[in-house]
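Here is the structure we will look at.
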Amino acid sequence: MTAEEERKLYLDGITLFNNHEFFEAHEVWEDAWHMAYGTKYEFYQGLIQCAVALEHYARSNPRGVVSLYNTYRKHFRDVPDVFMGMDVKSLLSQMYEVLKPVIEADPLPERGEIELNVSHVPKLSLQYDPFETGEALKFSRPRS
């Protein structure tokens, strides 16, 4: 995959996420994730799982929300606060706020008892273009 192809996938995923098309965003980012390694691999995996957590919320599946919340945070553990142009620390804070009604519920709501308010979903934006700065190229598999 060329840097231009990955850049398109990354930005398309952000657009889909911001349009609340979480399943589609996860699908697009998976194509980029397969070509990444190291920190970028974990970053993409975390983004994918954030999108899937929101998809579970939109489908009123609280167990899926909690499961993905617990796993996506592990992928971001060693990712810098700002990475690939994104404020990861802010994203994680905003994701927690969106998912909080489910992850802090005791007992966990039943399927069908939760509804995602998409107006609370974070909007992803970039502070810089990681493909222009070269950051994105540091964690890509070499082409064979």
> Per-residue HN-Hα couplings for the range 127-136, Karplus 6.51 cos²θ - 1.76 cosθ + 1.60 at θ = phi - 60°, whole Hz, x for Gly and Pro?
Replying inline: 7, 7, 8, x, 7, 6, 7, x, 4, 5
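Using the Cβ atoms and a cut-off under 15 Å, what net charge is assigned to the surroundings of E97, where Lys and Arg are +1 and Asp and Glu are -1?
Every neighbour counted, the sum reads +2.
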> For the range 3-135, with only Lys/Arg (+1) and Asp/Glu (-1) charged at the beta-carbon, what is the dipole magnitude about the Cα centre, in debye rounded to 20?
Replying inline: 400
>> Given points 7 Å out from each Cα along the Cα-Cβ axis, report the K138 to Y96 separation in nanometres with one decimal.
In response: 2.5
> When the helices in the chain are scored as -39500 (n - 2.57) per DSSP H run of 4 or longer and the sum is shared across all residues, what 222 nm value do you end up with, to the nearest 500 deg cm²/dmol?
Replying inline: -19000 deg cm²/dmol
> In terms of modelled amide H atoms, which long-range or inter-chain residues lie less than 5 Å from the amide H of M86?
Replying inline: Q127
>> Taking the number of other C-beta atoms within 10 Å as the exposure measure, put D78, D87 in order starting with the fewest.
In response: D78, D87
>> With the cut-off at 20 Å, tell me which of the pairs K8/K40; K8/K74; K8/K89 have Cα atoms farther apart than that.
In response: K8/K74; K8/K89
> Among G64, A3, F76, whose Cα lies farthest out toward the positive end of the dipole of the chain, if unit charges sit on the beta carbon of Lys, Arg (+1) and Asp, Glu (-1)?
Replying inline: F76
> Among I14, I48, I103, which comes first, second and so on when ranked by fewest other beta-carbon atoms within 10 Å?
Replying inline: I103, I14, I48
> Taking the structure as given and computing Cα Rg over 2.2 N^0.38 Å, which label from (i) 1.25; (ii) 1.04; (iii) 1.16 fits?
Replying inline: (ii)
> How large is the dipole of the range 83-129 about the Cα centre if only Lys and Arg carry +1 and Asp and Glu carry -1, each at its Cβ, rounded to the nearest 20 debye?
Replying inline: 180
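Order by neighbour count: V82, V98, fewest other Cβ atoms within 10 Å first, most last.
V82, V98
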> So what's the gap between the Cα centers of the range 99-139 and the range 1-54, to the nearest angstrom?
Replying inline: 12
> If you add up the charges near H75, with Lys and Arg at +1 and Asp and Glu at -1, over every other residue whose beta carbon is less than 13 angstrom from its beta carbon, what do you get?
Replying inline: +2
> Considering the dipole of the chain built from charges on the beta carbon (Lys and Arg +1, Asp and Glu -1) around the Cα centre, which of L116, T39, P130 is farthest to its positive end?
Replying inline: T39
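Values quoted throughout were computed directly from the atomic coordinates according to the rules given, and no laboratory measurement underlies them. Because the structure is predicted, anything quoted here is derived from the model rather than measured. Note that we place each Cβ from the backbone using ideal geometry, even for glycine, and neighbour counts take in every protein chain shown.
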